[in-house]
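In what follows, a structure is listed as structure tokens, so that the remarks can point back to it.
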Amino acid sequence: MNIILRNINLITATLLLNGQVSITGVFIQTDGAFSVSIGGPITGGFRIVSKSGSKSENITITIIDFVIAIFLILDSLNVQGTYFTSGRFSIVVGGPLFGGDKTEIKEVTRLNADFNTYVRRKQRKGR
């Protein structure tokens, strides 16, 4: 089962490095930890870019995505789950580096069920 968790982390890192997804938000947790949400067109949302078109802002976003991807590859961060909103979902990344817990195998079942629910809803709507 650890290989499944590792593969989820590596797939997410690949999506970040290819620009398919990017950071879309930050979740502050009550215990002082935080996690980041990642999304893009592949998750039914959009890839975040500078509203003003600023190259430096876009470079900063790219650097943040790159750093998160590296930490996913190094196993310092990992995918913790999904966050669903109307018509889209985000991949939630966190872990010890952000003051949280490392994702355990028992959580993979929940992550898989959430993803399958999302896919079934999209298929029923014909999207």
Checklist entry - What's the percent breakdown of Cα-Cα distances in the chain across 5 Å bins, shortest bin first? => result 2, 11, 20, 23, 21, 14, 6, 3, 0
Checklist entry - Which of the trypsin sites (Lys or Arg not before Pro) across region 37-74 are loop residues per DSSP, with 16 or fewer other Cβ within 10 Å? => result Lys51
Item to check | Residue-normalised accessible area of the chain, given per residue in Å² at a 1.4 Å probe | outcome: 60 Å²
Checklist entry - Taking a point 7 angstrom from the Cα of Phe34 along the C-beta vector, which residues in region 51-91 have backbone N less than 15 Å away? => result 61, 64-65, 68
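Compute the length gained on full extension between Asn18 and Asn58: take 0.36 nm times their separation in residues and subtract their Cα-Cα distance, giving the result in nm to one decimal.
Working it through step by step, the gained length comes to 12.9 nm.
Given 0.36 nm per residue, what is the gain on full extension from Phe115 to Leu10 after removing their alpha carbon distance, in nm? Don't skip to the answer; put the middle values down first.
Details: separation 105, 0.36 × 105 = 37.80 nm, distance 1.69 nm.
Taking Phe115 through Leu10 to full extension adds about 36.1 nm, to one decimal.
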Item to check | Residue-span extension gain [Lys125 to Val49] - 0.36 nm each, minus C-alpha spacing | outcome: 24.5 nm
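Taking the Cβ of Thr85 as the center, what net charge do the other residues with Cβ under 14 Å away carry, scoring Lys and Arg +1 and Asp and Glu -1?
+2
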Item to check | Lys/Arg +1, Asp/Glu -1 at C-beta; the chain dipole; positive extreme among Leu97, Ile23, Asn116 | outcome: Asn116
Checklist entry - Which percent of the accessible area of region 13-127 is formed by carbon and sulfur heavy atoms (probe 1.4 angstrom)? => result 58 percent
Checklist entry - Given H placed on each backbone N at 1.01 Å, which residues far from Gly25 in sequence or on other chains put an amide H within less than 5 Å of it? => result Ser37
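The values are calculated or read from the model by the stated rules, or taken from the named source; none is laboratory data. Note that the structure is a prediction, hence the values are computed from the model and not measured. We place every Cβ from the backbone using ideal geometry, glycine too, and count neighbours over all the protein chains shown. Calculation scope for accessible area: heavy atoms of the full protein, side chains included, ligands and nucleic acids excluded. Shrake-Rupley method; radii C 1.70, N 1.55, O 1.52, S 1.80 Å.
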